[in-house]
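Notes follow the structure.
The values are calculated or read from the model by the stated rules, or taken from the named source; none is laboratory data. Owing to the predicted nature of the structure, the values given are computational and were not obtained by experimental measurement. Counting neighbours? That spans all protein chains shown, and the Cβs are built from the backbone with ideal geometry, glycine included.
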Amino acid sequence: MVGIFDSGVGGLTFVKALKSALPNYSFVYFGDTARVPYGNKDPETIKRYSKEAADFLLSKGADVIVAACHTVSALAGDSLRENLKVPFFDVMNPLAETVLNTSKNGRIGIIGTKSTIKSLAHKNKLEECFSKSKGEYSFKKLEVFEQACPLFVPLIEEGFIKRPETKKIIRYYLRDLKLKNIDTLVLACTHYPLLNKQIQSAMGKNAALIDPAEITVKAIIEFIKNNPQLDAKLSKDKQSQFFVSDDPERFANFGKMWLDENIKVQKARFS
């Protein structure tokens, strides 16, 4: 089955996209709700948490593992890719080309957690991809502007998505990016699509929002299509399992709201 993990509820945005694209496949999800957010942790801690999450998914029978977390992708993705014995995907690597093709003026914004932004991983990936291009994009100069939004994840995890205070905080964080005249904004955290309407309102209709989850799902589908032996191993009984490290009931409420279905959530037990 396909194993997915995130620091909390944000990975549900990825689950929704993947279930829509692969409705017959089975999934197992782990949300590290006891230790969310990851964005304010140091890199070594994030790597340790990520290994524990991946090992847990493997113990549940995962044949493919997806880190549905940009902080993990930026700081632990390479380590997981090197050490796991099953195919591994993150939400960062398939992203650059789509972002560059979306922008018309080459002014691109990235929002994420403190750790994600501090790593410069997304910015470096975009600049690397652009430098290797041969005039194939509609702009000659690339400018990338980054903004950490450390309160977004806690607000989402606490269920403050529709609160007026949240709208004010979003506008506060995004005010400088709006003044930069960016035409493309990367949501470099899988929690952030849960604030999609509020972010779009703050940025205005001329800024295209990029949800990396959809791009990563396409990459996974393509990989499965090109690897029939792996596809044969993946169970297709439409079953989904959800595990969290704390507060299963609250996670189930988020699942019902975002996936539009009742989900059974169990508390994970690490060996």
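Summary of values
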quantity	calculated
Odd one out for residue 91 among (1) among the aliphatic types (A, V, I, L, M); (2) closer than 21 Å to residue 195 by Cβ; (3) surrounded by fewer than 24 Cβ atoms within 10 Å (Cβ to Cβ)	(3)
Residues located in region 44-71, provided they are of a type outside the set (S, T, N, Q), touching a helix residue (DSSP H, G or I) at 6+ places or on another chain (Cβ under 6 Å) and either modelled with pLDDT under 95 or assigned to a loop (DSSP other than H, G, I, E, B) (or both)	63, 68, 70
Count of region 98-147 residues which are touching a Phe, Trp or Tyr at 6+ places or on another chain (Cβ under 9 Å), surrounded by fewer than 18 Cβ atoms within 10 Å (Cβ to Cβ) and closer than 27 Å to residue 40 by Cβ	1
Any chance residue 180 is in the same structural domain as residue 112 (by TED's automatic domain parsing), touching a residue at least 12 places away in the same chain (Cβ under 8 Å) and not aromatic (Phe, Trp, Tyr)	yes
Filter pass, residue 195 being assigned to a helix (DSSP H, G or I), out of contact with any Leu (no Cβ under 6 Å at 6 or more places or on another chain) and closer than 18 Å to residue 13 by Cβ	yes
Residue under evaluation residue 79, criteria (1) farther than 24 Å from residue 245 by Cα; (2) outside any strand (DSSP E or B), criterion not met	(1)
Residues within region 201-217 that are charged (D, E, K, R) and within 14 Å of the chain's Cα centre (by Cα), tallied	2
Matching residues, region 82-119, being at negative phi, more than 18 Å from the chain's Cα centre (by Cα) and assigned to a loop (DSSP other than H, G, I, E, B)	84, 85, 86, 103, 104, 105
Residue within region 161-173 that is in a helix (DSSP H, G or I) and surrounded by 21 or more Cβ atoms within 10 Å (Cβ to Cβ) present	yes
Whichever residue in region 206-233 is modelled with pLDDT under 95 and part of a loop (DSSP other than H, G, I, E, B) and, among such residues, is surrounded by the most Cβ atoms within 10 Å (Cβ to Cβ)	211
Selected residue [free of Cβ contacts under 8 Å to residues at least 60 places away in the same chain, under 27 Å from residue 33 (Cα atoms) and buried (at least 18 other Cβ atoms within 10 Å of the Cβ)] from 195, 187	195
Condition broken by residue 140, with the remaining ones in (1) of a type outside the set (Phe, Trp, Tyr); (2) within 21 Å of residue 215 (Cα to Cα); (3) at pLDDT below 95 satisfied	(2)
Whichever residue in region 32-50 is free of Cβ contacts under 8 Å to residues at least 40 places away in the same chain and of a type in the set (Lys, Arg) and, among such residues, is surrounded by the fewest Cβ atoms within 10 Å (Cβ to Cβ)	48
Selection count where residues are closer than 18 Å to residue 245 by Cβ and either assigned by TED's automatic domain parsing to the domain that holds residue 156 or assigned to a strand (DSSP E or B) (or both), scope region 1-26	4
